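Participant: For reference, the structure I am asking about is given below.
The values are calculated or read from the model by the stated rules, or taken from the named source; none is laboratory data. Quick caveat: nothing in here was measured; it's all calculated off a predicted structure. Ideal geometry is used to build each Cβ from the backbone, glycine not excepted, and the neighbour counts take in all protein chains shown. For the accessible areas, the whole protein counts, side chains as well, though only heavy atoms, and no ligand, DNA or RNA atoms are used. Shrake-Rupley method; radii C 1.70, N 1.55, O 1.52, S 1.80 Å.
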Amino acid sequence: MTKIVNHWIGGKAVEGASGTFGPVTDPATGAVTTKVAFATVDEVDAAVAAAKDAWATWGTSSLAKRTAILFKFRALLDEHRDEIAELITAEHGKVHSDALGEVARGLEIVELACGITVQLKGELSTEVASRVDVSSIRQPLGVVAGITPFNFPAMVPMWMFPIAIACGNTFVLKPSEKDPSVSLKLAELLAEAGLPDGVFNVVQGDKVAVDRLLEHPDVKAVSFVGSTPIARYIHTTAAANGKRVQALGGAKNHMLVLPDADLDAAADAAVSAAYGSAGERCMAISAVVAVGAVGDELVDKIRERAEKIKIGPGNDPSSEMGPLITKAHRDKVASYVTGAAAQGCEVVLDGTGHTVEGFEDGHWVGLSLLDRVPTSADAYRDEIFGPVLCVLRVDTYEEGVALINASPFGNGTAIFTRDGGAARRFQLEIEAGMVGVNVPIPVPVGYHSFGGWKDSLFGDHHIYGNDGTHFYTRGKVVTTRWPDPSEAPSGVDLGFPRNH
């Protein structure tokens, strides 16, 4: 019997009423294992109404109560991390170690939310004028929504809702329809931790659900992570409806390798950053920029390492890379490799014909490596979101920086060098939101915010960290003047002397 994934509204699982379902496949076998209910407008409205009702009390609940629940959720999340990782592998396809890493990075933001009291402290200035004080406070927005991608079905939602909830908001999550089961597991653990009904809700679905969240008058803010075209649409539509928006888009992350770099370390980093999680992550390194004469040796070292990566089902402990999420995505990724030579690329490794014995119907693609890639090639210009690494050649550091800065994306970038002065220049001159120095995937720790520049981010706030707290709250400034007790009306004795 096929498993059905439904919604979570008002503290309980709610069966989908639309009669419309989407297929969820096991990427390793290609078989449909699950059906996910697609929400109607009425079902989205019901989730928002539940969240609005819950906010009436949750928004004024004590910080102590909120953080106590999050501490319990954190413990449950830690206890069930293997179970959550297994759900991720079953529907996304990534290997178990990658899935565990995803849970760990989400857990980091839950821990940050447990200590939200520090971020929510206000400010006070006394005696700005005679007996006048000014204070600044931050208050929750109300109902907020998160729309999350398939590549991190546990981590990205946890980059959003723990901070939103800790700040006093209620939350409606619309996860990817490609791997939806994790969202319900998170909802169950939140309920077990004691979160009041309606504070966290999940609506499964497609564009119908998304558009209703973007236009619903009771939704005050929308967080999104996904591709750049959709991020632009989310930002434009939600903002037009008067909502606060943070929409994180796509990427083309570059790694600049200088002639003085440790090439073994650079090759190790390039392989892990380009091919980990089958390249299905917005912080993957998809373009290596080799400076000067290091290109040939660097490409050889990358090829040697890439050829040793074992590809197989994510639940096989010996697998180092799993399949892609869907057959359609697999075919799209492969098309960039099959068309590369005609666009001037040198195909060093072609993974498009890869299969795994016993799993021939899985969504497999091997590791591909393209060298001497021109900036006009589709494989360089587009976000491929698969295990395809492009190597570009430049003569100088300055040429490399100019090439990277010419990209419309500005998510993350890295430099590999032994020269501290070059690294310092790079981190100041490069036009990207996250920079690594001898670190290939510079995803910030939880107490620093994550976000890119240019077409990689629409909106003013990065996600989690201090930016996350600011996004899910709004500031209020209170100016107060109290008369001195000595000025009390005659006949009223407050026990204060009349003269100082």
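Participant: Kindly list, by first and then second residue, each pair from a residue in segment 183-198 that is free of Cβ contacts under 8 Å to residues at least 12 places away in the same chain to a residue that is of a type outside the set (Phe, Trp, Tyr) and open to solvent by 10 Å² or more (accessible area, probe 1.4 Å), limited to pairs with Cβ atoms under 6 Å and residues at least 6 apart or on different chains.
Facilitator: none
Participant: Another question, if that's okay. Of the conditions (1) open to solvent by 50 Å² or more (accessible area, probe 1.4 Å); (2) among the basic types (Lys, Arg); (3) closer than 20 Å to PRO175 by Cα, LYS121 fails just one. Which one is it?
Facilitator: For LYS121, the exception is condition (3).
Per-residue answers, yes or no, for (1) under 29 Å from TRP364 (Cβ atoms); (2) free of Cβ contacts under 8 Å to residues at least 40 places away in the same chain:
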position	(1), (2)
VAL24	yes, no
ALA46	no, yes
SER61	no, no
GLY115	no, no
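Participant: Related question: Output the qualifying pairs, or none if there are none: Cβ atoms under 6 angstrom, residues six or more apart or on different chains, first residue in segment 213-233 and touching a residue at least 12 places away in the same chain (Cβ under 8 Å), second residue acidic (Asp, Glu) and part of a loop (DSSP other than H, G, I, E, B).
Facilitator: Pairs found: THR228/ASP455.
Participant: Which ones in segment 108-117 are assigned to a helix (DSSP H, G or I), closer than 16 Å to SER449 by Cα and open to solvent by 10 Å² or more (accessible area, probe 1.4 Å)?
Facilitator: GLU108, GLU111, LEU112, listed by residue number.
Participant: Looking at ASN411 and the list (1) of a type in the set (S, T, N, Q); (2) more than 17 Å from GLY295 (Cα to Cα); (3) open to solvent by 10 Å² or more (accessible area, probe 1.4 Å), which single condition is not satisfied?
Facilitator: Going through (1) of a type in the set (S, T, N, Q); (2) more than 17 Å from GLY295 (Cα to Cα); (3) open to solvent by 10 Å² or more (accessible area, probe 1.4 Å) one by one, ASN411 breaks only (3).
Participant: Let me ask you something else. Before we move on, is LEU70 over 18 Å from LYS178 (Cα atoms) and in contact (Cβ under 8 Å) with a residue 40 or more places away in the chain?
Facilitator: In short, yes.
Participant: Just to check your reading of the model, which residue among VAL443, VAL439, VAL401 is surrounded by fewer than 23 Cβ atoms within 10 Å (Cβ to Cβ) and outside any loop (DSSP other than H, G, I, E, B)?
Facilitator: From the options VAL443, VAL439, VAL401, the qualifying one is VAL401.
Participant: Exactly one condition in (1) open to solvent by less than 30 Å² (accessible area, probe 1.4 Å); (2) touching a residue at least 24 places away in the same chain (Cβ under 8 Å); (3) touching a strand residue (DSSP E or B) at 6+ places or on another chain (Cβ under 9 Å) is not met by TRP482; state its number.
Facilitator: Every condition holds for TRP482 apart from (1).
Participant: Still on this model: State which residue pairs qualify: first residue touching a residue at least 24 places away in the same chain (Cβ under 8 Å) and within 13 Å of ALA28 (Cα to Cα) and inside segment 335-364, second residue of a type in the set (Lys, Arg) and part of a helix (DSSP H, G or I) in any location, beta carbons under 8 Å apart, and separation of 6 or more residues or different chains.
Facilitator: HIS363/LYS327; HIS363/ARG330; TRP364/ARG330
Participant: Give me the residue from segment 287-317 that is outside any loop (DSSP other than H, G, I, E, B) and free of Cβ contacts under 8 Å to residues at least 40 places away in the same chain and, out of that set, nearest to the chain's Cα centre (by Cα). Give the derivation first.
Facilitator: Within segment 287-317, the subset outside any loop (DSSP other than H, G, I, E, B) is 287-306, 311.
Retained after the next criterion (residues that are free of Cβ contacts under 8 Å to residues at least 40 places away in the same chain): 293-294, 296-297, 300-301, 304-305.
Working: ALA293: 36, VAL294: 34, ASP296: 35, GLU297: 34, ASP300: 33, LYS301: 31, GLU304: 31, ARG305: 28 Å.
For segment 287-317, the residue satisfying everything is ARG305.
Participant: Please enumerate the residues belonging to segment 262-286 that are in a loop (DSSP other than H, G, I, E, B) and either of a type in the set (Asp, Glu) or surrounded by fewer than 24 Cβ atoms within 10 Å (Cβ to Cβ) (or both).
Facilitator: Keep residues of segment 262-286 that are in a loop (DSSP other than H, G, I, E, B), which gives 262, 280-284.
Listed by number, the residues that qualify are ASP262, GLU280, ARG281, MET283.
Participant: Considering (1) in a loop (DSSP other than H, G, I, E, B); (2) out of contact with any Gly (no Cβ under 8 Å at 6 or more places or on another chain), say which one GLY198 fails and leave the rest.
Facilitator: It is condition (2) that GLY198 fails.
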